[in-house]
Structure formats: C-alpha cells, structure tokens
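Take a look at the structure set out below.
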Amino acid sequence: MTSRPLLVAVLVVSLSAHAVDCPAPKDAKVGSLAHQSAEARLKFMAQRFQSESDAAKRWTGGWGGGYAAGTLVQLALIGVFPKEDQPDWYWGALSCAVGVAFSVLGPLEVLDAGPIFAKRAADNDATDEQKTCELVAEGERMLKEGAEAEKFSRAWFLHAGNVLFNAGIGLVLGLGYGRWTSAVINTISGAVIGELTIFTSPNQLDAGWSEYLMAPSEKSSVSIQLVPTGGPGLGVVVRF
C-alpha cells in the first residue's frame, strides 16, 4: 500500500535533482528570473542573446551599408558638378564615412558571441552543476555588460556629439565656402539621420537585464524597439 507514494517521492526527488540552483546576482529581487533554476535562466539568456544578435546584425548591416553607399555615391558624383558645388559632395561623403565608422566599429559582443552562447546553453549538460553555474555566470556577465554597452550607445553625449558634428559640417560649408543653403540642408538632414541611427541601435539587452533582476510585479508588459529592416525603411519590434 505504501509503495506508490514512495515511488512518486523517488520520482520527484530524481526529477528535482536535474534542476540546478546557481547563485543569483546580489541585486536580483526575490521571485525574479535570476532566482529561478539554471535551466530557466540559460533559456532566457540564450533567447535574448540570439534575438539581439539578429537585431545587431540588421542594425550594423543596414546603417553601415547605407552610410557606405552614401559615401561612394557622393564621391562618384563630385566630378559631375561644377567646382563651386563640389564641396557639398565631398563634405557629405566625409559625414557618411563617419557614419560607417560609428555603425561598424566596436560592435556589441553579443553580435558574434550571442549565437555561440545560445548553442552552448542548448548543449549544456545539466548534470554537471559546476559547469552549468559557470555558464550561467558567463551569461549574466554578457547580459549585464551588453546592457551597459547599449546604454552607452544611447547616452546624451552621443546625441549631443551627433548634433555638434553635423553643425560643424554646416559651418565649414557656410563659413568656408559661402554655401549657406547647403550648410542648412546638410546640418538638418545629417542630424536627423544620425538621431535615427542612435535611436534604432539595439537596446533589448538593457531591457533584458532589468527583466532578469526584477520581481514579477515590477516588470513592464510591453517593450518596443525601432530597427532597420536591412532595406529602405524601419521596422518595429514589440515584446510582450
């Protein structure tokens, strides 16, 4: 009569033995994802890294390719226009070249490392507790540092730098060449495109790190992100 309850108890103990419990970050709230099993934490981080890697590739390819094309087109057109019009084009090309550097240099770690981590998490041997907890800790480091990098990429001084850089290009055209109409057009269009570049930069690791640490009652239900589509136009990613 007692064999069935005993068998159930043995099965429960056996199944729970595979749920590895790793230390949570010190600032994680009770009930947060960071206090769940290692398997749940790895699944969350792997999904977020893979998704953000895809977003980072779209952003880098979309903006980097767009700026590169703008640089080459403007350089190619210089010789077509009269000498007095040429400053508009080579200063415009310089502006686009800086855009290439901004969008391509110093990419997020998750761009390449994200899919690698996701594969390691999928292949992880949950029976090896030490290895599992080391992987969780590595994922948490990547998530936290990625969130900090994304915050930096949208910091106020980058917005200010964008406006000042484009204003500088405008002043060169105006004061240096007397082309004030071109100066105004270049300043406004360059600043707007620069702001779009910054605002569409990947930012879901920042949201993910907050979600990872927060208690369920503190979490926002909706997250919205503008992303380049890889072609003309922008897309919107909504997370629930």
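The values are calculated or read from the model by the stated rules, or taken from the named source; none is laboratory data. This structure is a prediction, so every number in the text was calculated from the model and none was measured. When we count neighbours, we look across all protein chains shown, and the Cβ atoms used for this are built from the backbone with ideal geometry, even at glycine.
Is it the case that the range 54-71 has a residue that's aliphatic (A, V, I, L, M), buried (at least 19 other Cβ atoms within 10 Å of the Cβ) and at pLDDT 90 or above? Scanning the range 54-71, I find at least one residue that is aliphatic (A, V, I, L, M), buried (at least 19 other Cβ atoms within 10 Å of the Cβ) and at pLDDT 90 or above, so the answer is yes.
Within the range 1-52, restricting attention to residues that are within 20 Å of E129 (Cα to Cα) and of a type in the set (D, E), which residue is modelled with the highest pLDDT? Out of the qualifying residues, it is E39. Regarding E138, is this residue under 24 Å from F102 (Cα atoms) and either of a type in the set (D, E, K, R) or out of contact with any helix residue (DSSP H, G or I) (no Cβ under 8 Å at 6 or more places or on another chain) (or both)? Answer is no for this residue.
Among residues that are among the acidic types (D, E), closer than 23 Å to G146 by Cα and part of a loop (DSSP other than H, G, I, E, B), D27 is included. Among the residues of the range 65-118, those identified as in a helix (DSSP H, G or I), in contact (Cβ under 8 Å) with a residue 40 or more places away in the chain and within 22 Å of A147 (Cα to Cα) are F102, S103, V104, V110, L111, D112, A113, G114, P115, F117, A118.
Against the definition (in contact (Cβ under 8 Å) with a residue 12 or more places away in the chain, closer than 18 Å to P25 by Cβ and outside any loop (DSSP other than H, G, I, E, B)), how does E134 come out, yes or no? Criteria not met by E134. Across the range 192-226, the qualifying residues are those that are in a strand (DSSP E or B) and under 28 Å from P25 (Cβ atoms), and the one among them that is modelled with the lowest pLDDT is S223.
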